[in-house]
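A.B. asks: Before I ask anything, let me first share the structure, which is written out below as structure tokens.
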Amino acid sequence: MKRLLLTFVINVFAVFGNLYAQQYCGINGLIHVPTADMDTVGIARIGAHYVPKVMMPDKMLIDGEKFNSLTNYLSITPFRWIEVGYGYTLWKFHQDLDPNKKVGFYAKDRYFSLKLQPIKEDKWWPSVAIGGNDVWGSGDDGESGSNYYRNYFVALSKHTDLGRFRLGGHLAYRSWKRDFNHRWNGIVGGVTLQHSFYEPLRGIAEWDGNAINVGVDCLLFNIVLVQCGLYDMKYFTGGISLYFHLL
């Protein structure tokens, strides 16, 4: 069923427009892995992404249990070398913090994301980017001491033509602030693959430090960006966002 689902999604997306990769936090990347690729200059997007509980930070709990959630974000690429995003993850709580009342998404964990690309990809070298998520806010000694998504990375990306295929290689080193996210520390990366028959269509495979994930994404009519994938080859994750061309 999983193979049939992915095949169906790829074929449906191939009917429509261009393809771009998207991170769940709104910054250009793979599924759960950052890259050195940047969005188009002058693009702003607003979107939402479904996050299975296996991708959630371990300290985001309700009654001691993890839960599936949704992220919402707004991001912009004002110049070629910078992407900035603001987002939040919905958090389940008891209504009015009363354990006798119903559970719902009554709270949010907010964060800023930033990526800078000092070196652009050329024939002989890869693009290089540095950045992070949850890069600004209270520290461990602050009032909330949250920083559930705080991580920093250095990424390289290079694309190569192999006959009728275009292969993208992405490698990054990522460090998470909080100990409970350390399973995603270290060297991460992935590959993207597209065929000259329909170059905008691209598949994604990645290693995020803890799991192998696969997926596809597509920009429909140059307005709606859709991504779907399988985290750890088992758990659905996906999202949708609207593109606004400011330039």
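A.B. asks: What residue among 95, 227, 194 has the largest mean-square fluctuation in a Gaussian network model of the chain, using Cα springs under 10 Å?
C.D. replies: 95
A.B. asks: Then there's this: Diagonalise the Cα gyration tensor of segment 154-247 and give the resulting equivalent ellipsoid semi-axes, square root of 5 times each eigenvalue, largest first, whole Å. Walk me through the intermediate numbers first.
C.D. replies: Numbers: eigenvalues 125, 66, 40 Å².
In descending order, the three semi-axes are 25, 18, 14 Å.
A.B. asks: Which of the peptides 155-164, 97-106 is most tightly packed, and how do the rest follow, judged by the mean count of other Cβ atoms within 10 Å per residue? Walk me through the numbers on the way to the answer.
C.D. replies: On the way: 155-164: 14.3, 97-106: 10.8.
Listed from highest to lowest mean packing, they are 155-164, 97-106.
A.B. asks: Please list 117-126, 165-174, 28-37, 195-204 highest first by mean number of surrounding beta-carbon atoms within 10 Å per residue. Write out the running numbers ahead of the final one.
C.D. replies: Numbers: 117-126: 12.5, 165-174: 18.3, 28-37: 26.9, 195-204: 15.5.
With the highest mean Cβ count within 10 Å placed first, the list reads 28-37, 165-174, 195-204, 117-126.
A.B. asks: Lys and Arg at +1, Asp and Glu at -1: add these up for the other residues within a Cβ distance under 15 Å of residue 47 and post the number. It would help to have the intermediate numbers written out before the result.
C.D. replies: Numbers: positive: 45; negative: 39, 83, 217.
Residues near residue 47 contribute -2 overall.
A.B. asks: Something else about it: Rolling a 1.4 Å sphere over the protein heavy atoms, what is the accessible area per residue of the chain, to the nearest Å²?
C.D. replies: Numbers: 12350 Å² over 247 residues.
On a per-residue basis, the chain sits at 50 Å².
A.B. asks: Follow-up. Relative contact order of segment 161-247, please, whole-number percent, based on alpha carbon pairs below 8 angstrom and at least 6 residues apart. Write out the running numbers ahead of the final one.
C.D. replies: Numbers: 164 pairs, mean separation 15.5, N = 87.
Averaging sequence separation for qualifying contacts and normalising by length gives 18 percent for segment 161-247.
A.B. asks: Return the distance in nm (one decimal) between the two label points of a simple spin-label model at residue 236 and residue 108, each offset 7 Å from Cα along Cα→Cβ.
C.D. replies: 2.5 nm
A.B. asks: Using only the alpha-carbon atoms, how far is helix 2-14 inclined from the longest principal axis of the chain? Give it as 0 to 90 degrees, nearest 10.
C.D. replies: With both axes taken from Cα atoms, the answer is about 60 degrees.
A.B. asks: Pull out the extension gain between residue 98 and residue 68, defined as 0.36 nm times the separation in residues minus the alpha carbon to alpha carbon distance; nm, one decimal. Please report the intermediate quantities before stating the final value.
C.D. replies: On the way: separation 30, 0.36 × 30 = 10.80 nm, distance 2.11 nm.
Gain in length upon complete extension: 8.7 nm.
A.B. asks: Assign unit charges at the C-beta atoms only (+1 for Lys and Arg, -1 for Asp and Glu), then state the dipole size of the chain relative to its Cα centre in Debye, rounded to the nearest 20. Let's see the in-between values first.
C.D. replies: Working: 25 positive and 22 negative charges, 89 e Å.
Dipole magnitude for the chain comes out near 420 debye.
The values are calculated or read from the model by the stated rules, or taken from the named source; none is laboratory data. Bear in mind that the values here come from a model prediction, so they are computed numbers and not experimental data. Because the Cβ atoms are built from the backbone with ideal geometry, glycine has one as well, and the counts that use them run over all protein chains shown. We work out accessible area using only protein heavy atoms, side chains counted, and drop any ligands, DNA or RNA first. Shrake-Rupley method; radii C 1.70, N 1.55, O 1.52, S 1.80 Å.
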